[in-house]
Amino acid sequence: MTIGSELTAARERAGLSVEQLSAATRIRTGLLVAMEADDFSRCGGNFYARGHIRSIARVVKADPAPLLASFDEAYPPTEPDRARRDERIEPRKPRLHPVRPRWAVVVGAILVGLMGWGMVRLFTLPSDVEANASRTASPTPAVTTPAAKPTPATPPSPKPRPPAKPAPAAKVVVVLKASGEGSYVTLRNYYGEKLFQGLLGTGSTQTVTYPGSIRVSVGSLENLVITINGQKVAPKSERFMITPTGAIQKAP
């Protein structure tokens, strides 16, 4: 009996249809049909195929060990699959690009400064000529004027205070640690953008830091230990939302 036939027999013994099994395991109906037909190429590799087999065995209440042994015998794992799994789990680091000087802006600023200096010299040159001419003219009688009365000095106006800097946005730190048989996990922000998606194997840990709400969807909640901002939590649903303050809410 092939691994696909064993999966079909286990599902029928549990009295489940393909659609019911898909709803319970969150595996697409088309992928379940392909797996029961011994087509595991659509699983994305042996690592993910083994995870799907564990999820199916958990729902139909079957022992996953014989099913995994049959799968490993028919589809032995390869090194490229392991490397691809490690590459998907490891978060990508942001690339830093060196800042290049903008020479056009620098040259433009120098030209503007030179033009301003030339305009100042152009308009102040006649005043210099008139001042030299007045020095060479005949002296005029001096006229004395009464000294002006001193006016009380006004206190200097207080300097305006700089506006207060806005407080930095609160960041949520979520740590997922897999236990038991592991679980498939998806984390998205409020707008649906993926922050992390993958299957966490036994003993693996994934940390996600994001300054905003995080929507979480897990396959096996009992196989995960979840910590939010250093506090261990126990969500009641496999789909929930974490607010920027670290509180857990029902997923929309």
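Here are a few things to note about the model shown:
- Count of the range 220-248 residues, restricted to those that are hydroxyl-bearing (Ser, Thr, Tyr) and without any contact (Cβ under 8 Å) to a residue 24 or more places away in the chain, is 1.
- Breaking point among (1) at pLDDT 90 or above; (2) in a loop (DSSP other than H, G, I, E, B); (3) of a type in the set (Gly, Ala, Ser), for Ala62: (1)
- Residue in the range 66-80 that is touching a Ser or Thr at 6+ places or on another chain (Cβ under 9 Å) and modelled with pLDDT of 80 or more present: yes
- Residue check, Arg85 modelled with pLDDT under 85 and part of a helix (DSSP H, G or I): yes
- Meets criteria (open to solvent by less than 30 Å² (accessible area, probe 1.4 Å), part of a helix (DSSP H, G or I) and closer than 18 Å to Ala62 by Cβ) for Ser22: yes
- In the range 33-51, the condition of being touching a Leu at 6+ places or on another chain (Cβ under 9 Å), surrounded by 13 or more Cβ atoms within 10 Å (Cβ to Cβ) and over 24 Å from Pro76 (Cα atoms) is met by no residue.
- Each residue in the range 17-32 was checked for being more than 26 Å from Glu73 (Cβ to Cβ) and in contact (Cβ under 8 Å) with a residue 40 or more places away in the chain, and 1 of them qualify.
- Just one of the numbered conditions (1) at pLDDT 85 or above; (2) closer than 24 Å to Val218 by Cβ is not true of Met115: (2).
- Restricted to the range 210-252, and to residues there that are among the β-branched types (Val, Ile, Thr) and open to solvent by 30 Å² or more (accessible area, probe 1.4 Å), the residue that is nearest to Ala57 (Cα to Cα) is Val225.
Results for (1) of a type in the set (Gly, Ala, Ser); (2) open to solvent by less than 20 Å² (accessible area, probe 1.4 Å), shown as yes or no for each residue.
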residue: Ala178; (1), (2): yes, yes
residue: Glu181; (1), (2): no, no
residue: Val185; (1), (2): no, yes
residue: Tyr191; (1), (2): no, no
residue: Leu195; (1), (2): no, no
residue: Leu200; (1), (2): no, yes
residue: Val208; (1), (2): no, yes
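- Test for Ser157: is it open to solvent by 20 Å² or more (accessible area, probe 1.4 Å) and modelled with pLDDT of 85 or more: no
The values are calculated or read from the model by the stated rules, or taken from the named source; none is laboratory data. Note that this is a predicted model, so its numbers are computed, not measured. Virtual Cβ from ideal backbone geometry, glycine too; neighbours counted across all protein chains shown. Heavy atoms of the whole protein, side chains included, go into the accessibility calculation; ligands, DNA and RNA do not. Shrake-Rupley method; radii C 1.70, N 1.55, O 1.52, S 1.80 Å.
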